[in-house]
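To keep things clear, I will list the structure first and then write my remarks on it.
The values are calculated or read from the model by the stated rules, or taken from the named source; none is laboratory data. This structure is a prediction, so every number in the text was calculated from the model and none was measured. Virtual Cβ from ideal backbone geometry, glycine too; neighbours counted across all protein chains shown.
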Amino acid sequence: MSVEFCGLQLRHPIINGSGTFDALAARKALGAALDEEFPFAAYVSKTITLEPRQGNPPPRLWEAPGGLINSIGLPNKGLAGYLAEDLPELATLPVPLITNVMGSSAAEIAELVQACDARAEIAAIELNVSCPNVKTGLDIGADPHQLEKVVRAVRPRTSKPLIVKLTPNAADVAACALAAQEGGADAVSLINTLRALALAPASRGGLSAPRSLRPWLGGRTGGLSGSAIRAVALAQVAAVAERVRIPAIGMGGVSCAAHARELLDVGARLVAVGTESFRDPTAGARIARELDPGPASPTSGSA
Amino acid sequence: MDELGAYRVLRVSDPHCPEPEPGQFTMLAAAERWGGGEDERPYLPRAFSLARWQDGEAHYLLDDVGPGTKRLCELAAGDQLWTLGPLGQGFTAPRDGRRALLVGGGVGIAPLAILQDGLECEITILLGFRDRPRAEGAALLRGARVATDDGSAGRHGLVTDLLAEELERDAQATVYACGPAPMLETVRAICAAEGVPAQLALEAGMACGFGACFGCVVPKRGGGYLRVCVDGPVIDAAELESIEEHAGAPA
């Protein structure tokens, strides 16, 4: 079931969510088996920033009911390191490459987008707008007015498809999607993780021990993903697909073809798999296969 | 599944699993009913060191301390598991004719058993446990000296006390350690002070086990972080700043 997305022809509608699959690390750890059937129809990089980032201090993970809270903090080599070291290797993957970038101002984002535009290995650019504006402290993507301004400022810097990864932590996500469209985005993707808090468990002593009121994660709050957010994702993708003309990439808690089918049914063009790939690195391929088992194979029935 | 004092040994037959190196780990989850336990967990698979590799079976040491380990402890013969492994970097043999000094705490003794199976040099084994039922886990290795927190078996005290005495007697050793974070931190500090090489098998909360999530990091000496899953789980103590209390894993 090949799919057209912003001019790209993809083998199937399943891709990865940014930051949930490190194709280079997975190739090293899991070997050639992964390359034989690459799990995704396009590969989305983790978020790239202008300067290198070490990421947040540990702990970075907390297992929540039916999900995962993470506070990884976008560790990456920075734009120059990514372009020089990672991109040539990512270009050997058998699928189109989408590079995800984040900046804290329109000027920063424009610089990232322009640098990506110059590289033929990159098929499309995704903007992570779940980043506080350096001046206002508000997430750029949470305010439709600010989001439209930023997308409009960045749009002329590239002729490649521009995808805006919306934040679910906004009052009206569909309004943000519309703002991205009006600013010139070619597509939107959603949902990013939901802001969440985990308190450090009481140390030994069980229930009688005094309860800690200290955040567990080194980054204090984190983002909730996994099965726990699937119904929220479905609602937000449905609301966005109703409101905009541009295609949407739906994601949030997808772990099987039935979940992907729901997102496609409410209007997503593509579906991304995230946390499930942590549990099963081949999940993307499994879901794509389940969605489209292909022509029925002849059986050896006996009469 | 075999009982071993307060612990259980889970034996998994996996014809597709390549032979592991000592120190490597596997992500495990029950194929059925993984979830719906305490607080609707577990959700993620759990990382376990290989404790032994014998007749094509992988052995894992289980301690029922959380919803994931609880579910694994409930498995009956013939039940199916989801597995991914072996993963990560294992131990390397001692150099310069040093003896191997294996130091384990609690369920962390697991990777030292498969290490003992593979080593051909002189080996000294020191294991620490909370109490006597747990100390029965020492039978996983051969010829171990034991310490318990409550003095109910072996020496009354910490396994790191035994380590300090051993190094005082003969410091021509390479230390191999696995156990709770405070124990590993003491091992690291003692070995750093004595100039003794140490390889520490770390534990950390992991979502994936293969380098994708960046969730299992520990601070690296000199800045930055190491991923326990792909840079470890066995990490040269000289590469670590200190091992923090929270470097544990969801159970």
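Which number in (1) in contact with a Gly (Cβ under 9 Å, 6 or more places away or on another chain); (2) at pLDDT 95 or above marks the one condition that B:Gly35 misses?
With (1) in contact with a Gly (Cβ under 9 Å, 6 or more places away or on another chain); (2) at pLDDT 95 or above applied to B:Gly35, the lone miss is (2).
Among the residues of region B:90-126, what is the count of those that are surrounded by fewer than 20 Cβ atoms within 10 Å (Cβ to Cβ) and within 14 Å of chain A (Cβ to nearest Cβ)?
The number of residues fulfilling the criteria is 0.
Determine which member of the set A:Gly103, A:Gly137 is part of a loop (DSSP other than H, G, I, E, B), farther than 27 Å from A:Leu34 by Cα and without any contact (Cβ under 8 Å) to a residue 12 or more places away in the chain.
Result: A:Gly137 is the single residue among A:Gly103, A:Gly137 that is part of a loop (DSSP other than H, G, I, E, B), farther than 27 Å from A:Leu34 by Cα and without any contact (Cβ under 8 Å) to a residue 12 or more places away in the chain.
With respect to B:Gln116, determine if the residue is modelled with pLDDT of 95 or more, under 17 Å from B:Arg142 (Cα atoms) and not hydrophobic (A, V, I, L, M, F, W, C).
Spelling it out, B:Gln116 is indeed modelled with pLDDT of 95 or more, under 17 Å from B:Arg142 (Cα atoms) and not hydrophobic (A, V, I, L, M, F, W, C).
Would you check if there is a residue in region A:59-78 being within 16 Å of the chain's Cα centre (by Cα), basic (Lys, Arg) and within 29 Å of B:Arg46 (Cβ to Cβ)?
Checked region A:59-78: no residue is within 16 Å of the chain's Cα centre (by Cα), basic (Lys, Arg) and within 29 Å of B:Arg46 (Cβ to Cβ).
Looking at A:Pro58, A:Pro75, can you tell me which residue is within 14 Å of another protein chain (Cβ to nearest Cβ) and free of Cβ contacts under 8 Å to residues at least 60 places away in the same chain?
A:Pro75
How about region A:146-201: which strands (runs of 3 or more DSSP E) wholly inside it have at least 1 residues that are away from chain B (no Cβ under 14 Å) and surrounded by fewer than 20 Cβ atoms within 10 Å (Cβ to Cβ)?
Here the list reads A:194-197.
So, in region B:154-209, exactly how many residues are within 14 Å of chain A (Cβ to nearest Cβ) and in contact with a Gly (Cβ under 8 Å, 6 or more places away or on another chain)?
The total comes to 10.
Can you tell me which residue is nearest to the other protein chains (Cβ to nearest Cβ) among those in region A:215-240 that are farther than 12 Å from A:Pro168 by Cα and surrounded by 23 or more Cβ atoms within 10 Å (Cβ to Cβ)?
A:Gly226
Of all residues in region B:210-234, count the ones that are of a type in the set (A, V, I, L, M), surrounded by fewer than 23 Cβ atoms within 10 Å (Cβ to Cβ) and more than 7 Å from chain A (Cβ to nearest Cβ).
Final tally of qualifying residues: 1.
With (1) within 13 Å of B:Glu185 (Cα to Cα); (2) at pLDDT 95 or above; (3) in a loop (DSSP other than H, G, I, E, B) as the list, and B:Asp231 as the residue in question, which single condition is left unmet?
Single failed check for B:Asp231: (1).
Among what's in region B:44-56 and is at pLDDT 95 or above and not hydrophobic (A, V, I, L, M, F, W, C), pick the residue that is nearest to A:Phe278 (Cα to Cα).
B:Pro45
Quick test of your reading of the structure: A:Leu162 fulfils all but one of (1) in contact (Cβ under 8 Å) with a residue 40 or more places away in the chain; (2) within 16 Å of the chain's Cα centre (by Cα); (3) within 28 Å of A:Ser227 (Cβ to Cβ). Name the failing condition by number.
(3)
Let me confirm something: among A:Glu108, A:Glu126, A:Glu51, A:Glu63, which residue is without any contact (Cβ under 8 Å) to a residue 40 or more places away in the chain and surrounded by 18 or more Cβ atoms within 10 Å (Cβ to Cβ)?
A:Glu63
If you scan region A:241-293, which residues turn out to be away from chain B (no Cβ under 14 Å), crowded, with 19+ Cβ neighbours inside 10 Å and either on the phi > 0 side of the Ramachandran plot or not hydrophobic (A, V, I, L, M, F, W, C) (or both)?
Residues satisfying the conditions are A:Pro247, A:Gly250, A:Gly252, A:His259, A:Glu262, A:Arg269.
Could you tell me whether region B:27-44 includes any residue that is within 23 Å of B:Cys229 (Cα to Cα), charged (D, E, K, R) and either within 14 Å of another protein chain (Cβ to nearest Cβ) or in contact with a Lys or Arg (Cβ under 6 Å, 6 or more places away or on another chain) (or both)?
yes
Output the number of the condition that A:Glu126 fails; it satisfies all remaining conditions of (1) of a type in the set (Asp, Glu); (2) away from chain B (no Cβ under 14 Å); (3) assigned to a helix (DSSP H, G or I).
Going through the list (1) of a type in the set (Asp, Glu); (2) away from chain B (no Cβ under 14 Å); (3) assigned to a helix (DSSP H, G or I), A:Glu126 breaks only (3).
Are any residues in region A:213-242 under 16 Å from the mean Cα position of the chain (by Cα) and either in a helix (DSSP H, G or I) or acidic (Asp, Glu) (or both), and if so, which ones?
Within region A:213-242, A:Ser227, A:Ile229, A:Arg230, A:Val232, A:Ala233, A:Leu234, A:Gln236, A:Val237 meet the criteria.
Can you tell me which residue in region A:254-284 is modelled with the lowest pLDDT, limited to those that are β-branched (Val, Ile, Thr) and more than 16 Å from the chain's Cα centre (by Cα)?
Top of the filtered list is A:Thr282.
Quick grid of which residues meet (1) at pLDDT 95 or above; (2) under 19 Å from A:Ala187 (Cα atoms); (3) not charged (D, E, K, R):
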position	(1), (2), (3)
A:Pro13	yes, yes, yes
A:Ala23	no, no, yes
A:Ala26	no, no, yes
A:Ala33	no, no, yes
A:Phe38	no, no, yes
A:Ala41	yes, yes, yes
A:Thr49	yes, no, yes
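Applying the selection to region B:1-30, what residues are closer than 12 Å to B:Trp82 by Cβ and modelled with pLDDT of 95 or more?
Once the filter is applied, which keeps residues that are closer than 12 Å to B:Trp82 by Cβ and modelled with pLDDT of 95 or more, region B:1-30 yields B:Val12, B:Thr26, B:Met27, B:Leu28, B:Ala29, B:Ala30.
From B:Thr92, B:Thr83, which residue is assigned to a loop (DSSP other than H, G, I, E, B) and polar (S, T, N, Q)?
Every option except B:Thr92 fails the conditions.
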